[in-house]
Amino acid sequence: MPRHILFGLVFLALISLAGVSYYYDLQKRIQDLVRPEPEPAPYLAVPPAVSPSAPLRKVKLFFPSSRQDTLLEVEERDIRSSELPSEDAKQILAELISGSRGRRLPALPSETRLRELFVTAQGLAVVDLTQEARLYHPGGLMMELATIYAVVNSLTQNIRKIDRVQILIEGAEAETLAGHIDLSRPFSEDLSMTVLGETAKSSGGP
Amino acid sequence: MLIKALGFTLCMALLPAGVSADAGRFLVFHKQARKAIPRLSIGLETYLPLIDLLRLLELPFAESASAGFVQITLGKNRLRLAKDDSQVLVNDRKIALSAPVTVVKNQWVVPLDFLSKVLDSALDVKISVAASGNTASAGESDFTRLNAKVVETNQVLRLQASRPISAEVRQQGSRVVLAFGNTPVEFAGSEGVQGVEWIRSLALEQSESTNQLVIELADNVRNAKMSHLASQNAYTVEAVRQEGAEATPDPSADLARPVTEAWKWRHITVDAGHGGPDRGVAIKEHVFEKDVALAIARKLRWALETRLRVTVVLSRAEDQAQSLDDRIAAANLARSNLFISIHTGNTAAAPAAYSYAYTARWILGESSVSETRNARSLFVPWWEAQRNSLAWSERLAECVQAEMNRSLNGGQPLAFRRSPLKLLSALAMPAVLVEIGNAQVPEFQAKVESEPFQNLVAATLAAAVEKFRPLHERP
C-alpha cells in the first residue's frame with residue numbers, strides 16, 4: 001500500500017477514536033446535568049422519603065452544653081416538612097448526629113447511624129441506632145444522660161405525635177447506653193436539664 | 001435472666017411493697033399556728049389533697065373540674081392539672097412534678113413537690129417543706145434547723161439551732177421536753193447520739209397539738225441539767241446520774257434493745273463499675289475506669305471491714321465482665337444492708353473534677369407499676385425494688401456527698417444527683433453510685449492511679465458510710 005494512503009488511514013483512525021471518546025464524554029456530561037447525583041444521607045441507613053421541594057420548617061435540637069454538665073442547650077435547624085412524623089423524626093436524628101453548629105458538645109457519636117425509626121399509633125417513637133452509638137460514646141453518667149435526653153427531647157418537642165421514645169441498639173433493647181442509664185423502657189420528655197430561652201439559629205437541611 | 005428475675009420477685013415476696021394508704025397528717029406552720037391536712041402515700045410518693053391545701057393556706061381560688069382535668073384560678077394565675085399527668089400548666093408554662101397528679105376518692109391529690117415547684121417557685125407563695133417531708137412552713141418564717149451533738153466526752157448533749165429560738169424546757173420523769181410553740185422547727189440530724197448510753201432516744205414530735213423535741217433518758221439518769229446558751233442559739237442537756245452509778249453501759253440496757261439488734265448491719269456490697277471488655281471511660285492511655293474503680297473498691301472494702309466490723313463483699317473481685325443483673329441479684333439475694341457502686345466521671349463541660357453521689361430516680365412520667373396493681377401485693381417488679389429504700393438511699397447520698405465535698409471537692413457545697421440508673425433501680429437496700437472526678441481534667445488524670453488519692457477516696461466513702469450507719473440502724 002502506498003505510504004501516503006497508509007498515513008491517511010492512521011490519521012483517520014486517530015480522528016475517529018478522538019471523536020468517539022468526545023461523544024461519550026459529552027453524553028455523560030449531559031446526563032449529569034439532567035439527572036444530578038442524589039446527595040448522600042450519611043447518617044441514615046434509609047434516606048427519609050421527603051421531596052426536595054417540600055417546604056422547610058424549623059425544629060429545635062437539643063445538644064449537651066459545653067458550659068455545664070447538667071444542661072442541654074437548644075439549636076434551631078431547618079428540615080423538610082413531611083406528612084409522616086417518622087420522616088420528620090429521621091431528619092431530626094440526622095441533624096443531631098451531624099453535630100452542633102455552635103460550641104456545644106455532640107449529642108451522639110458522629111459514627112452513629114440511624115438504622116430505622118418508626119412511630120406507633122400510641123405515640124411511641126422507636127429509634128434504632130447502630131452499635132457505634134455505644135462503642136464510640138465517651139462514657140460518663142451525665143454524658144450518657146445528656147445523649148438520651150438530647151434524642152428524646154428533640155423528638156418530643158418537635159413532633160406532636162411523639163410522647164415517648166424507646167432507644168434500641170442494633171435492633172434490640174440494650175441494658176444501658178454506656179453502662180449507667182436504663183434503656184429497657186421508653187423515655188418521656190424531661191426539660192429539667194434544658195436551658196430555656198437560649199437558641200442559636202442556624203439554617204440547614206437534609 | 002428470666003429465671004433470676006422470677007427468683008428475685010419470689011424473694012421479694014417477704015418484703016413489704018409500697019402501699020397506698022392514709023399516711024397520717026401533713027403539718028403546716030402558717031400564721032403563727034399549726035394546721036394539718038391528710039397525707040397519702042402512693043408508692044413511695046407523698047400526696048396532699050389539693051383543695052384542702054389551698055384552703056389551709058387561705059389562698060382565694062376558683063375551681064372548675066371536668067373529666068380528666070381541673071383548672072384552678074388563683075388571683076391572676078391559672079393552674080391546669082390533668083389526671084395522671086406529672087406536668088402542671090401554670091399560666092401556660094409547663095412544670096414537671098416528680099409524680100403524676102391523680103384523683104383519690106373524688107379528691108384531686110398532688111405530690112409533695114407541688115408545694116415547692118408550683119406554689120413557691122411559680123406562684124410566689126412562700127412555702128418551704130422540711131427535709132423529713134412531713135411538715136411545711138408557709139409565709140415569711142422558714143424552718144429553724146436543729147442539730148444534736150454529744151460533746152465533752154459524751155457527757156453533754158448540745159442542741160444547736162440555726163437561728164435564735166426560744167423553747168419551754170421541762171423535765172417529765174425520764175423525759176426532757178423542749179416545746180417550741182408555733183415556731184417551725186425541723187430536725188437536721190444528730191452526731192454521736194447513738195453511742196451514748198444515757199440517751200435512750202431523741203425525737204421531734206410534731207402535730208396540731210404539739211411541736212416539741214423529746215429526749216428520753218436512761219433509767220440510771222436521776223436528773224438532767226439544762227442550759228440555754230442564748231448568744232449561741234443552743235441548748236445543752238447534761239445527765240446527773242444516780243450516786244454510785246458507773247459510766248459503763250448497763251448490761252440490762254442491751255437486753256432492753258432487741259429492736260436495735262434486729263436492725264444491726266451485717267453485710268455491705270461494694271461494686272466496682274464496668275469490668276472485662278467493658279472498660280468504661282478511657283482516663284488516659286492504658287488507664288480505664290474499670291481499673292480505677294476496682295482499685296478503690298478493694299481499698300474501700302478494707303476500710304469498711306476495719307471500721308464497721310461487718311462483712312463487705314465486692315461484686316467483682318477481678319477484672320471480669322459482669323452484667324448489671326448479676327450484680328443486682330447477688331446483692332439482693334445476700335440481703336445486703338447497703339450497696340455502693342464506684343465509677344469515675346467524664347464530661348467535657350465541667351472544668352473541675354468534682355465527685356458526685358447518685359441515687360436512682362424513675363423516668364419522668366412513668367407511674368409506678370405497684371400503684372396500678374393491688375396496693376397490698378407482696379410482689380415488686382424487678383426495676384422498682386429500690387422504691388422502698390429510696391428515702392434511705394437519699395440520706396446515704398447526702399452523707400456521701402457531704403464527705404466528698406469536704407475531702408474531694410474542695411469544700412464546694414454540691415448536692416447529690418438523681419438519675420434513672422439501671423443498677424440502682426432494682427436494688428432492695430440503700431444504694432448509691434459515686435462518680436469520682438472527671439477523666440477529662442489533667443490534674444485528675446495525673447493523680448487517679450496514685451495510692452494516696454485512692455486511699456483518700458476510700459477513706460472518704462468509709463467515713464460517709466460510718467456516719468450513715470447510726471441513722472439507718474436506729475429502729
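The values are calculated or read from the model by the stated rules, or taken from the named source; none is laboratory data. Everything quoted here is computed from the prediction, not taken from an experiment. Every residue, glycine among them, receives a Cβ derived from its backbone with ideal geometry; neighbour counts consider all protein chains shown. Calculation scope for accessible area: heavy atoms of the full protein, side chains included, ligands and nucleic acids excluded. Shrake-Rupley method; radii C 1.70, N 1.55, O 1.52, S 1.80 Å.
When segment B:299-313 is filtered for residues that are in contact with a strand residue (DSSP E or B) (Cβ under 7 Å, 6 or more places away or on another chain) and either open to solvent by 70 Å² or more (accessible area, probe 1.4 Å) or among the hydroxyl-bearing types (Ser, Thr, Tyr) (or both), the ones remaining, listed by number, are B:Arg301, B:Glu305, B:Thr311.
Among B:Glu384, B:Glu451, which is the only one that is among the acidic types (Asp, Glu) and open to solvent by 30 Å² or more (accessible area, probe 1.4 Å)?
After ruling out the rest, the residue left standing is B:Glu451.
Only one of the numbered conditions (1) crowded, with 18+ Cβ neighbours inside 10 Å; (2) closer than 29 Å to B:Lys76 by Cβ; (3) charged (D, E, K, R) is violated by B:Glu140, and that is (1). When each of A:Ser184, A:Ser188, A:Ser192, A:Ser154 is tested for being in contact (Cβ under 8 Å) with a residue 60 or more places away in the chain and either in contact with a Lys or Arg (Cβ under 9 Å, 6 or more places away or on another chain) or surrounded by fewer than 17 Cβ atoms within 10 Å (Cβ to Cβ) (or both), the lone residue that passes is A:Ser154. Does segment B:276-299 hold any residues that are away from every other protein chain (no Cβ under 13 Å) and part of a loop (DSSP other than H, G, I, E, B), and which are they? Residues satisfying the conditions are B:Glu285, B:His286.
Just one of the numbered conditions (1) crowded, with 23+ Cβ neighbours inside 10 Å; (2) within 14 Å of another protein chain (Cβ to nearest Cβ); (3) outside any strand (DSSP E or B) is not true of B:Ala321: (1). Being of a type in the set (A, V, I, L, M, F, W, C), open to solvent by 20 Å² or more (accessible area, probe 1.4 Å) and either at the interface with chain B (Cβ under 10 Å from one of its Cβ atoms) or in contact with a helix residue (DSSP H, G or I) (Cβ under 7 Å, 6 or more places away or on another chain) (or both) is the filter here, so list the residues in segment A:128-151 that pass it. Passing the criteria: only A:Met143.
Go through the residues of segment A:72-90 one by one and say whether even a single one is within 14 Å of chain B (Cβ to nearest Cβ) and part of a strand (DSSP E or B). Yes: segment A:72-90 contains one or more residues that are within 14 Å of chain B (Cβ to nearest Cβ) and part of a strand (DSSP E or B). If you check B:Ser355, B:Ser315, B:Ser341, B:Ser368 for being among the polar types (S, T, N, Q) and either in contact with a His (Cβ under 8 Å, 6 or more places away or on another chain) or at pLDDT below 90 (or both), only one passes: B:Ser368. Note on segment B:124-137: among residues that are assigned to a loop (DSSP other than H, G, I, E, B), crowded, with 17+ Cβ neighbours inside 10 Å and not β-branched (Val, Ile, Thr), the one that is modelled with the lowest pLDDT is B:Asn134.
Please work out if A:Pro48 is open to solvent by less than 80 Å² (accessible area, probe 1.4 Å), within 14 Å of chain B (Cβ to nearest Cβ) and on the phi < 0 side of the Ramachandran plot.
For A:Pro48, the condition - open to solvent by less than 80 Å² (accessible area, probe 1.4 Å), within 14 Å of chain B (Cβ to nearest Cβ) and on the phi < 0 side of the Ramachandran plot - is not met.
Cβ-Cβ distances below 7 Å connect the following pairs, each with a first residue in segment A:104-126 that is surrounded by fewer than 19 Cβ atoms within 10 Å (Cβ to Cβ), a second residue that is polar (S, T, N, Q), and a separation of six or more residues or different chains: A:Arg115/A:Thr130; A:Phe118/A:Ser86; A:Leu124/A:Gln166; A:Val126/A:Gln166.
Residues of segment B:337-351 that are more than 9 Å from chain A (Cβ to nearest Cβ) and in a strand (DSSP E or B): B:Leu338, B:Phe339, B:Ile340, B:Ser341, B:Ile342. Taking segment B:27-112 as the region of interest, the strands (runs of 3 or more DSSP E) fully inside it that hold 3 or more residues being over 29 Å from B:Arg361 (Cα atoms) and under 30 Å from the mean Cα position of the chain (by Cα) are B:33-42. Only residues that are assigned to a loop (DSSP other than H, G, I, E, B) and within 21 Å of B:Gln445 (Cα to Cα) were counted in segment B:261-275, giving 2. Quick check on segment B:413-426. Is at least one of its residues exposed (fewer than 15 other Cβ atoms within 10 Å of the Cβ) and without any contact (Cβ under 8 Å) to a residue 60 or more places away in the chain? Yes, there is a match, as at least one residue in segment B:413-426 is exposed (fewer than 15 other Cβ atoms within 10 Å of the Cβ) and without any contact (Cβ under 8 Å) to a residue 60 or more places away in the chain.
The residue of segment A:157-181 that is surrounded by the most Cβ atoms within 10 Å (Cβ to Cβ), among those that are facing chain B (nearest Cβ under 9 Å) and of a type in the set (Asp, Glu), is A:Asp163. Which members of segment A:10-28 meet the condition of being at pLDDT 85 or above and open to solvent by 90 Å² or more (accessible area, probe 1.4 Å)? Those that are at pLDDT 85 or above and open to solvent by 90 Å² or more (accessible area, probe 1.4 Å): A:Phe11, A:Leu12, A:Leu14, A:Ile15, A:Leu17, A:Tyr22, A:Tyr23, A:Tyr24. Number of residues in segment B:152-164 that are open to solvent by 20 Å² or more (accessible area, probe 1.4 Å) and either at pLDDT 80 or above or of a type in the set (Phe, Trp, Tyr) (or both): the value is 5.
Taking the criterion of being assigned to a strand (DSSP E or B), closer than 22 Å to B:Asn220 by Cβ and open to solvent by 50 Å² or more (accessible area, probe 1.4 Å), the residues of segment B:165-200 that qualify are B:Val169, B:Arg170, B:Gln171, B:Gln172, B:Arg175, B:Arg200.
Scan segment B:456-465 and tell me whether some residue there is assigned to a loop (DSSP other than H, G, I, E, B) and under 11 Å from B:Leu408 (Cα atoms). The answer is no, given that none of the residues of segment B:456-465 is assigned to a loop (DSSP other than H, G, I, E, B) and under 11 Å from B:Leu408 (Cα atoms).
Results for (1) assigned to a strand (DSSP E or B); (2) more than 12 Å from chain A (Cβ to nearest Cβ); (3) at pLDDT 90 or above, shown as yes or no for each residue.
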position	(1), (2), (3)
B:Pro413	no, yes, no
B:Arg418	yes, no, no
B:Leu423	no, no, yes
B:Asn438	no, no, yes
B:Ala446	no, yes, yes
B:Glu449	no, yes, yes
B:Gln454	no, yes, yes
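Considering segment B:353-362 alone, what residues qualify as being among the hydrophobic types (A, V, I, L, M, F, W, C), more than 10 Å from chain A (Cβ to nearest Cβ) and either under 19 Å from A:Arg103 (Cβ atoms) or part of a loop (DSSP other than H, G, I, E, B) (or both)? If the condition is that a residue be among the hydrophobic types (A, V, I, L, M, F, W, C), more than 10 Å from chain A (Cβ to nearest Cβ) and either under 19 Å from A:Arg103 (Cβ atoms) or part of a loop (DSSP other than H, G, I, E, B) (or both), then B:Ala353 is the only one that fits.
Residue-wise test of (1) surrounded by fewer than 20 Cβ atoms within 10 Å (Cβ to Cβ); (2) in contact with a helix residue (DSSP H, G or I) (Cβ under 9 Å, 6 or more places away or on another chain); (3) aliphatic (A, V, I, L, M).
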site	(1), (2), (3)
A:Leu56	yes, no, yes
A:Lys60	yes, yes, no
A:Pro64	no, yes, no
A:Arg67	yes, no, no
A:Lys90	no, no, no
A:Leu96	no, yes, yes
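For B:Gln401, are the conditions met, namely being more than 12 Å from chain A (Cβ to nearest Cβ), out of contact with any Cys (no Cβ under 6 Å at 6 or more places or on another chain) and not hydrophobic (A, V, I, L, M, F, W, C)? Against the criterion (more than 12 Å from chain A (Cβ to nearest Cβ), out of contact with any Cys (no Cβ under 6 Å at 6 or more places or on another chain) and not hydrophobic (A, V, I, L, M, F, W, C)), B:Gln401 qualifies.
Every test in (1) at pLDDT 80 or above; (2) closer than 28 Å to B:Pro381 by Cβ is passed by B:Ala21 save one, and that test is (1).
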